[in-house]
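Worksheet for the structure shown next.
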Amino acid sequence: MSTNNLKLLCTKFNNLKINYVITRTASNWKPPKYRPPYWYMPKERVLTEDNLTQDNRMFIKEIIQDKLQAQAAMESPLENISQTETMQWTPGKKRVGLIARKIGNYPMWDKDGKKVLTTLLQVIDNHVIKYIPPENFKPMIHKVKQPQEHRRLGCMLVGAENIDPSTVTKDYCGLFNSVGMLPKRHLCRFMVSPEAALPTGTPLYATHFRVGDHIDVRAKTIDRGFQGVMKRWGFKGMPASHGVTKTHRRPGNIGAGGEKARVWPGTKMPGNMGNRWRITRGVKILRINTKHNIIWTLGVAIPGETGAMCYLFDTVLPLKKHKTSPPFPTQPPLDNLPLEYYDDSIHEFESPTISFEEI
Amino acid sequence: MNQADVSKLVSKLRIKVKAEHRNLRNPKGPEGRIDKLRKTVTGLIKFERIEVNYNRGDEARQYAERLISEAIRHGDCHTPTMKMADFWLLEKELVHKLFKVLVPRFENSNVSFTKMYKAPKPQYSRNLEKAVLELRGNPYPDLFTKQPNNRLWIQNVLLEAAKHDYRQSKYAEIAQNMAKNEEPTQVNSEAPKSEIIEDIKTQ
Amino acid sequence: MIFLEFRALSTLPERVEEPPQEEPKEVPQRRGPKSTNPILEHRHIYPEFLPDPNPKWRNSLREKMERADMLKRRQQIDIPEFYVGSILAVTIADPHAQGKTNKFVGICIERKGCGLRAEFTLRNVVDHQGLEVRYDLYDPTIDKIQVLRLEKRLDDKLFYLRDALPEYSTFPLDMDPEILPEGTPVPVNPLKVKLKPKPWLERWERQELKGIANIEQYLTTTNRLNRKLRQTPWEKFDLMKQYRKTIPMEEQSDIWSEVNNQLQQLQMARKKMARKRTFTAPKTQLG
């Protein structure tokens, strides 16, 4: 009897418990992942005086030059493969991307005489470093064994810009030496379909994309430092006069009282502006130079200052995806390519002055 | 985008120049900044080696380099240059030094006219960073000890040997190619000692 | 400890200065300005070939591509030598105009921008209404740029014409080109304009303009005081400020030697055309 009463009491108390607790988090906020990918090795090295004689210094330079020349003269491994098995592109397949450097902006004119601003992206010494097939690709190393997950895409490591091997750490050099390449300044991963896999050492050129294609560009935005709300979030500020004192560029109220007597997570406040990875999607390619590997893209919205690195890949926007087969898996090096490709809408600087016909 | 100023021609400085100047906080504003720098430039030309705060030294260094390069370019018969020297050098006997001593000293040099070193400061101190600013070819002893003969140091000995081997293998390959005379292959041989080089370089 | 020693040394300037002063050989040598490269003179005629001096926006490859594109455009259209103060006639293709072309005559009051962004502004007064048109120099819709009167004015920018009497910026739309004999330097027009009374668009009195005749009569004592307070006499001695605004000589000579050949070919072609025009000009007048 007594136990029965006790149970009844417990259930009554349980009913009294408040279990509708509001979770106080912004839905779009996730904690940052600080863990680097497992193939990552620290690159920066403390440079010290190595007390070499001038002769030996020249000798080391000579060896680096020799190796670079050998790598440049190395024929693309794609030439042998493409003859034997030709890959077919289908809409779902993901190709590798490129690493490019933003080198500036300048205007071009379209065939109606309208001025369009373009951004120039230079593709420098891009080589495929390594391909990790989907079954071997496990980006997170967990302490507890995880259930087997099914991966569809493999990981392609692409390097850009040759550097002096003595300026980086031995670990970083090892990443490249293990596959027989020379170290590169930038190393990036692209998720690709297994059909689009490329052998190590394949050079990638600007002709990987075609004129008129749309691409996504991922880059770091310009670091503007610690900024106030007017610059960072575009707040209006407060009037300059009419009795306003000391609050001309301040945010004003940041929260209400009563139940919500606190600052809500995600409130727009002053803080560090820029220096974040951002993706500009669906950027159109207007012109390609095959000699210097330069891509002209429409608009000036590519993140980052002049000289910033950016990653280019096929767009994911459903309406701007490839309609026809792009160079798949990539464009092999050809000798007889024209120097420049122009989009149909763009006026070429060599062509005569625009004139309008009377209708 | 702005058009470059074409009214004046200047020679290129052989030192790194920041994109923007430093304000060198001063109650008198830009005028006070120039006054401060005038004192430092005068001191540098006078004493040829001075110790200053890093920021101020770096700014003054740029002005000193520009002054000397203007003096070299235009000579002492050019009125605007003379006025410039008169403005920047507070002690007037230094104007003579600029045109009669420094111009002949630096006329045919291909490197910068000044040198700047970071000066030592106590560890964990919150003092401003100090620097030593000096003119090249000054009469004082060198700030750094001259390199002793380091040919016999271990890294140089190993590299000498590696170089010898590398050259030998290269010659052997060239000889082979000449002997074959069929198809010239690329010079792409891995020298046996090259791994050692890599080790030394990347340590 | 080492530094102390050197600092002590550095307080002995006499020893440093004495020996060089005793060199009498150096005195007779007159060091004039070093012989400059003649191709550097291109910078006045084609200022837009020089890149923006701000190092944040510099990139040698982009500048090279830009220059190549500019030269390609110059092959298609003859862009003549002109300065701020010259009077130009510009014909452009315009889909909305009658006859699909539009011609405008005016005085060039500003020239700015570098590379393909280069632009100039023409000003004229038509039917007592001031008009200003900004043209991109390398716009492919520009059909023809004709210099009607080649001359310079006393200032780099002639914005004060907006506040001047309208007769100073009135030019007939059917003006005939004035041909300068070959080899003569570009004349500088010493014309001083008269301003209208206040209100003005800018504070012209603070800008040290040479081309205004009657500015003093409109100024109040406060204006004069403010002008004096805001003067920056030290700025002309700021060597690094000048340096950051210009492209150094060494870089310029690289740029000009790259484009010199093509520019000279274009000049030759233009001279040929000019000679033809002088022969044909009388015929048209007769007809």
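The values are calculated or read from the model by the stated rules, or taken from the named source; none is laboratory data. What you see is a predicted model, and the numbers here were worked out from it, not measured in a lab. Please note: Cβ atoms are built from the backbone with ideal geometry, for glycine as well, and neighbour counts cover all protein chains shown.
What the table shows:
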read-out	value
Residue within region C:132-149 that is loosely packed, with under 14 Cβ neighbours inside 10 Å and on the phi > 0 side of the Ramachandran plot present	no
Residue in region A:300-315 that is surrounded by 16 or more Cβ atoms within 10 Å (Cβ to Cβ), within 14 Å of chain C (Cβ to nearest Cβ) and of a type in the set (Phe, Trp, Tyr) present	no
Filter pass, B:LYS83 being free of Cβ contacts under 8 Å to residues at least 24 places away in the same chain, facing chain C (nearest Cβ under 10 Å) and surrounded by fewer than 19 Cβ atoms within 10 Å (Cβ to Cβ)	yes
Tally, over region A:63-107, of residues that are more than 14 Å from chain C (Cβ to nearest Cβ) and either at pLDDT 85 or above or part of a loop (DSSP other than H, G, I, E, B) (or both)	30
Any hit, region C:53-71, residues being at pLDDT 95 or above, surrounded by fewer than 21 Cβ atoms within 10 Å (Cβ to Cβ), farther than 30 Å from A:HIS292 by Cβ and within 14 Å of chain A (Cβ to nearest Cβ)	no
Single residue of region A:212-247 satisfying the filter (part of a loop (DSSP other than H, G, I, E, B) and small (Gly, Ala, Ser)) that is farthest from A:GLU161 (Cα to Cα)	A:GLY243
Subset of region A:17-57 (residues that are at pLDDT 80 or above, part of a loop (DSSP other than H, G, I, E, B) and surrounded by fewer than 10 Cβ atoms within 10 Å (Cβ to Cβ))	A:VAL46, A:LEU47, A:THR48, A:GLU49
Selected residue (criterion: nearest to B:LYS92 (Cα to Cα)) from residues of region B:39-64 that are among the acidic types (Asp, Glu) and at the interface with chain C (Cβ under 9 Å from one of its Cβ atoms)	B:GLU48
Failed item, numbered, when A:ASP171 is tested on (1) in contact with a strand residue (DSSP E or B) (Cβ under 9 Å, 6 or more places away or on another chain); (2) under 30 Å from A:GLN65 (Cα atoms)	(1)
Among residues of region C:116-172, those that are part of a strand (DSSP E or B), acidic (Asp, Glu) and either in contact with a Cys (Cβ under 6 Å, 6 or more places away or on another chain) or within 14 Å of another protein chain (Cβ to nearest Cβ) (or both), counted	3
Filter result (assigned to a loop (DSSP other than H, G, I, E, B) and in contact (Cβ under 8 Å) with a residue 40 or more places away in the chain) within region C:187-205	C:ASN189, C:LEU201, C:GLU202
Residues (surrounded by fewer than 11 Cβ atoms within 10 Å (Cβ to Cβ), under 20 Å from the mean Cα position of the chain (by Cα) and more than 12 Å from chain C (Cβ to nearest Cβ)) located in region B:109-133	B:VAL111
Single condition B:LYS100 does not satisfy, out of (1) assigned to a helix (DSSP H, G or I); (2) over 28 Å from B:ARG126 (Cβ atoms); (3) more than 10 Å from chain C (Cβ to nearest Cβ)	(3)
Within region C:241-273, considering residues that are more than 14 Å from chain B (Cβ to nearest Cβ) and among the small types (Gly, Ala, Ser), the one nearest to B:ARG33 (Cα to Cα)	C:SER257
Hits in region B:22-33 (condition: at the interface with chain C (Cβ under 10 Å from one of its Cβ atoms) and either among the acidic types (Asp, Glu) or crowded, with 16+ Cβ neighbours inside 10 Å (or both))	B:PRO30, B:GLU31, B:ARG33
Long-range neighbours under 8 Å by Cβ, at least six apart or interchain, first residue free of Cβ contacts under 8 Å to residues at least 12 places away in the same chain within region A:243-258, second surrounded by 10 or more Cβ atoms within 10 Å (Cβ to Cβ)	A:VAL244/A:MET238; A:THR247/A:MET238; A:HIS248/A:GLY237; A:HIS248/A:MET238; A:HIS248/A:PRO239
Selection status of B:LEU152, of a type in the set (A, V, I, L, M) and either in a strand (DSSP E or B) or under 30 Å from B:ILE34 (Cα atoms) (or both)	no
Residue among B:LYS16, B:LYS12, B:LYS36, B:LYS8 that alone is touching a helix residue (DSSP H, G or I) at 6+ places or on another chain (Cβ under 8 Å), on the phi < 0 side of the Ramachandran plot and either more than 8 Å from every other protein chain (Cβ to nearest Cβ) or part of a helix (DSSP H, G or I) (or both)	B:LYS36
